[in-house]
Amino acid sequence: MTERKPPGVSFESFVDKQIREAAERGDFRNLPGFGKPLPDDTAPYDDLWWVRQKLHREGVSVLPPALALRKEAEDAVEAVARARTEARVREILTAVNEKIAAALRRPPPGPPLRLEPFDVEAMVRDWRCAAR
């Protein structure tokens, strides 16, 4: 917590003293980005730079619903490849198929969906062959 500037002390020397004392205490060690290069400053200024960084750090995706569902379908195929049991394969495919079916009944805004529900039995057969 900063102190109030005492009367009779110039503002600059007061701030310099606080910075020096903080450095001596080690308050500036282990800060995020310490020892890393500064970001590129040649890009045009973006008013929402901090929002974009926060979304990136939190792993939030702002995709149109149709694209988000396509991504979820791709992730489901990868999850099936990593699944250890047939029951888990069926669970993954059933969950994504329900979402695809709902989107086909009522298409989401944005680009075309271009998805069909997965053939669960064919995917299970492929999973069994790959597991051998």
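Any residue in the range 113-122 that is touching a Phe, Trp or Tyr at 6+ places or on another chain (Cβ under 9 Å) and either open to solvent by 50 Å² or more (accessible area, probe 1.4 Å) or touching a residue at least 40 places away in the same chain (Cβ under 8 Å) (or both)? Within the range 113-122, not a single residue is touching a Phe, Trp or Tyr at 6+ places or on another chain (Cβ under 9 Å) and either open to solvent by 50 Å² or more (accessible area, probe 1.4 Å) or touching a residue at least 40 places away in the same chain (Cβ under 8 Å) (or both). Here is the figure for the range 37-92: residues that are open to solvent by 70 Å² or more (accessible area, probe 1.4 Å), of a type in the set (Val, Ile, Thr) and in contact with a Phe, Trp or Tyr (Cβ under 9 Å, 6 or more places away or on another chain) total 0. Taking the criterion of being of a type in the set (S, T, N, Q) and not in a helix (DSSP H, G or I), the only residue of the range 75-101 that qualifies is THR85. Quick check: is even one residue across the range 25-32 surrounded by 12 or more Cβ atoms within 10 Å (Cβ to Cβ) and either assigned to a helix (DSSP H, G or I) or in contact with a His (Cβ under 7 Å, 6 or more places away or on another chain) (or both)? There is no residue in the range 25-32 that is surrounded by 12 or more Cβ atoms within 10 Å (Cβ to Cβ) and either assigned to a helix (DSSP H, G or I) or in contact with a His (Cβ under 7 Å, 6 or more places away or on another chain) (or both). Considering only the range 66-74, I want to know if a residue exists there that is modelled with pLDDT of 90 or more, part of a loop (DSSP other than H, G, I, E, B) and on the phi < 0 side of the Ramachandran plot. Scanning the range 66-74, I find no residue that is modelled with pLDDT of 90 or more, part of a loop (DSSP other than H, G, I, E, B) and on the phi < 0 side of the Ramachandran plot, so the answer is no.
The values are calculated or read from the model by the stated rules, or taken from the named source; none is laboratory data. Please read all numbers here as calculations on a predicted model, not as lab measurements. Every residue, glycine among them, receives a Cβ derived from its backbone with ideal geometry; neighbour counts consider all protein chains shown. The protein model used for the area step is the full one, side chains on, heavy atoms only, and it has no ligands, DNA or RNA in it. Shrake-Rupley method; radii C 1.70, N 1.55, O 1.52, S 1.80 Å.
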